[in-house]
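Visitor: Mind looking over this structure? Questions follow.
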Amino acid sequence: MKIPKLSFRGEMVMNGGNPTEKFNWADAVFDATIMSGISFFATLAGAGVSGLEGARLIGSALISAGATFFTILAIKRNLIKET
């Protein structure tokens, strides 16, 4: 059994190239935004307690949130296998 792949436009493509299902970008971006917000504030709190201040504090929280955002999108697009 072959696993369907997602095309660039978010369509699920089967063996013959016939699109059968569209990828829900709105849902994926919404989920990724929620998870990256949690990551941002958790990193902000943890780094603040450990003594980081100013630009380093915000920078570390933004890096954490960005990594989480794109990781969730990659999981939703099946680029990374969910375990």
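Visitor: Filter the range 44-83 down to the residues that are outside any helix (DSSP H, G or I) and hydroxyl-bearing (S, T, Y) and list them by number.
Guide: Across the range 44-83, the qualifying residues are S50, T83.
Visitor: Just to be sure I understand, how many residues within the range 21-33 are assigned to a helix (DSSP H, G or I) and exposed (fewer than 13 other Cβ atoms within 10 Å of the Cβ)?
Guide: The total comes to 3.
Visitor: So, one more: One residue is enough: does the range 50-63 have a residue meeting the conditions of a type in the set (K, R) and either modelled with pLDDT of 80 or more or surrounded by 12 or more Cβ atoms within 10 Å (Cβ to Cβ) (or both)?
Guide: Yes, that holds for at least one residue.
Visitor: Can you tell me which condition G51 does not meet? The list is (1) in contact with a helix residue (DSSP H, G or I) (Cβ under 9 Å, 6 or more places away or on another chain); (2) without any contact (Cβ under 8 Å) to a residue 40 or more places away in the chain, and all the others hold.
Guide: Among (1) in contact with a helix residue (DSSP H, G or I) (Cβ under 9 Å, 6 or more places away or on another chain); (2) without any contact (Cβ under 8 Å) to a residue 40 or more places away in the chain, G51 violates only (1).
The values are calculated or read from the model by the stated rules, or taken from the named source; none is laboratory data. Since we're looking at a predicted model, the values are computed, not measured. Positions of Cβ are backbone-derived with ideal geometry, glycine not excepted, and every protein chain shown enters the neighbour counts.
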